[in-house]
């Protein structure tokens, strides 16, 4: 049983690593690597439902990036809380962006509809996953108004922790 779990983990990690070798998010060029205290990597990603969303369009406002996948149980469990936090702090200028990692627009659209998300979601081809060195999901990234990355959290957050981290970037 343990060998099966280990083999699955290794295969999943290899698939995630192999899938992110190119970057359409920045005209084919690799994105900068995200670091605490450094500017958030620039990106332009396709939005679920059409159009695109860029990091540049969010500059000047606090940003909360929530990396997820439809197959991720903790991502599904915390989605209603992320949506509630987005609604709670919308009037303070907070932009929450869901980032569906390595899935397609159809799956991302189903996730948005199923969880009644009140914030935009984009479909990442792996470029943002690589830029934020993501090797597990969910991941929460909190970006200050000046565009600097203030905090990166790997793993599920409680609603109270989300609120605390959002307040720190307002």
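Each value in this text was obtained by applying a stated rule to the coordinates, not by laboratory testing. Quick caveat, the model's predicted, so the values are computed rather than measured.
Cα gyration tensor of segment 59-98, axes a ≥ b ≥ c as square roots of the eigenvalues: rounded (a/c below 1.5), prolate (a/b > b/c) or oblate? Before the final figure, lay out each step's value.
Details: a/c = 4.70, a/b = 1.87, b/c = 2.51.
It comes out oblate by the Cα gyration axes.
Using the alpha-carbon centroid of each, what span in Å lies between segment 76-110 and segment 114-149?
9 Å
Work out how much length residue 38 to residue 153 would gain on full extension: take 0.36 nm times their residue separation and subtract the Cα-Cα distance, in nm to one decimal. Kindly include the intermediate steps, with their values, before the conclusion.
Details: separation 115, 0.36 × 115 = 41.40 nm, distance 1.58 nm.
Value of the extension gain: 39.8 nm.
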